[in-house]
1. For the stretch 24-43, which positions are loosely packed, with under 10 Cβ neighbours inside 10 Å and either part of a strand (DSSP E or B) or modelled with pLDDT of 95 or more (or both)?
2. Condition first: closer than 12 Å to residue 13 by Cβ and either in contact (Cβ under 8 Å) with a residue 12 or more places away in the chain or touching a helix residue (DSSP H, G or I) at 6+ places or on another chain (Cβ under 7 Å) (or both). Now tell me which residues in the stretch 56-72 satisfy that.
């Protein structure tokens, strides 16, 4: 995840999902070296819809950027 707002977020992934695809998204907390056990549980789980997709040039490795909207 590169950025987020109250309506959605932008992610980059090696998986390609078409606009309109509904995703179950699990966001994990950041890693804290002093407390590794604190990051074993997901921070949030939500449903979201892919609104747009673009292919990113990444030296021959497939990479996709997606705008995703939270579903109520």
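1. Matches in the stretch 24-43: 24 only.
2. 56, 61, 62, 63, 64, 65, 66, 68
The values are calculated or read from the model by the stated rules, or taken from the named source; none is laboratory data. Remember, it's a predicted structure, so these values are computed and weren't measured experimentally. Counting neighbours? That spans all protein chains shown, and the Cβs are built from the backbone with ideal geometry, glycine included.
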